[in-house]
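Derivation of every value follows stated rules applied to the coordinates shown; laboratory data play no part. Treat the numbers as computed from the prediction; the structure is a model and nothing was measured. Virtual Cβ from ideal backbone geometry, glycine too; neighbours counted across all protein chains shown.
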Amino acid sequence: NKRHFTLLISFEQKLMIVKTMLEGFIEYELVAHHLKDSLETLTELTGKTISEKALDTVFKEFCVGK
């Protein structure tokens, strides 16, 4: 439906922002913020939530040098 389509477009745009950030040098905190924003859009689309503990685990393993 239209709501899902709008959320998918928003999710794609947010991921493109993250992709652009990763192509250059940027502080990982800023990238993490945008990734979290993308995940929130995805959870709104799927109806499933991601706990703070799960997010902490993902970002704990996040390495800017990779």
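Here's the list of lysines a cross-link from residue 48 could span, going by alpha-carbon distance under 17 Å and ignoring same-chain residues fewer than 8 apart: 36. Applying 1/(1 + (r/R0)^6) with R0 = 22 Å to the Cβ-Cβ distance of residue 56 and residue 16 gives a FRET efficiency near 0.30. Computed from the Cβ-Cβ distance with R0 of 30 Å, the FRET efficiency linking residue 9 to residue 36 stands at 0.95.
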